[in-house]
Structures are given as C-alpha cells and as structure tokens.
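The values are calculated or read from the model by the stated rules, or taken from the named source; none is laboratory data. From a predicted model like this one, the values you see are computed outputs, not experimental measurements. We place every Cβ from the backbone using ideal geometry, glycine too, and count neighbours over all the protein chains shown.
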Amino acid sequence: MHIIHSGWVKNLSTSTLAFDIAQFFPSLNHLLLSFILKKVEFNNCVVSFFTNYLVDRKTNYLWNNFTSPIFNINVRVGQRSALSSILTTFYLSLFLYILEKHLKNLNIPVSIISFIDDGLFISQSKSFHTSNYCLFYSYNVMSKLLKKIWSYSRIFQN
C-alpha cells in the first residue's frame, strides 16, 4: 500500500501483476537447494543441516490392496514437508535477487513484493501504457529466468 500511495502523491498510475510460481517447482531439488545455501554463504552448520535433511529417506504407496515397492526419495524436498515454507524461501531468494538485478540492468522500473512463492510486480508511471509495458517485460524476464533455473535444477538432479 505504501508504494501505491506514494505513487498517488506523485500523480502516477499504478499497475500490478500477480504471479504464483509454486507449481513451477512441483518439488525442490535437494542438491540445488544445498548449492544455493552455500552460494549465499549460510553458516556451514545450517548448510549441513539442510543438506542432510532428506538423506536416506524411503517411501512407498498404498492404494486399496496394492502396495508399491519401497524407493528412495532423498533427492527432492516436497512442498508439503514441515520445513516447506522455509526451504522454498531459501530456494527462491537467490532467484528473486537475480531477477531484481536483471530488471534493474534492463532499466525496467518495477517493484517486486514476494510472499514465498507468490509475488507481485508493481509498476508506476505517468501512463498505464508505460506501466503495463514494464509489467509485460518483467514477466518475460521472470519466465526466462525460471526456465534457466529449471534447467539447472535438472542438471543437479542427475
């Protein structure tokens, strides 16, 4: 609200674009998460805890009378796990930092508000046309970066 109100004081038009990237990552790649935590220089104890969080986990499925074989699940962090919100925030923080730098380098004046895996682009300008133009390019930059991160996560999966 502060951003919107400050725009009104300056007689600017405000446009917003909400995004939800939760389904982009059906589950978090565990090895990539460890890499990100190291990259942003978390304490080694924290990195070690999350690196080992899902080591040697196994599961199987039960459907009526059918029971699947037991298989390993120590590669990914599920979205519904106890630490899901915290891990998702860690996972996406580096992405949002990179996104913000890309938009700044491209001189696309938008504000980004993030709520874990939901977010909002806010653009203010003298005209809605300019604001919407900025939102359009912001969304495209975000989409391309997400595709790159998805590609990297596939590399870390193997």
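Residue count for segment 70-106 under the criterion of being among the hydrophobic types (A, V, I, L, M, F, W, C) and either at pLDDT below 70 or farther than 20 Å from residue 35 by Cβ (or both): the result is 7.
Results for (1) part of a helix (DSSP H, G or I); (2) within 16 Å of residue 18 (Cα to Cα); (3) basic (Lys, Arg), shown as yes or no for each residue.
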site: 99; (1), (2), (3): yes, yes, no
site: 114; (1), (2), (3): no, yes, no
site: 121; (1), (2), (3): no, yes, no
site: 124; (1), (2), (3): no, yes, no
site: 137; (1), (2), (3): yes, yes, no
site: 140; (1), (2), (3): yes, yes, no
site: 147; (1), (2), (3): yes, no, yes
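Of all the residues in segment 33-68, those that are in a strand (DSSP E or B) and not β-branched (Val, Ile, Thr) number 4. Scanning segment 1-47 for residues that are over 13 Å from residue 122 (Cβ atoms), at pLDDT 85 or above and not aliphatic (A, V, I, L, M) yields 10, 11, 38, 41, 42, 43, 44, 45.
Checked against the criterion of being hydrophobic (A, V, I, L, M, F, W, C), over 18 Å from residue 33 (Cβ atoms), within 16 Å of the chain's Cα centre (by Cα) and modelled with pLDDT of 85 or more, segment 123-130 has no qualifying residue.
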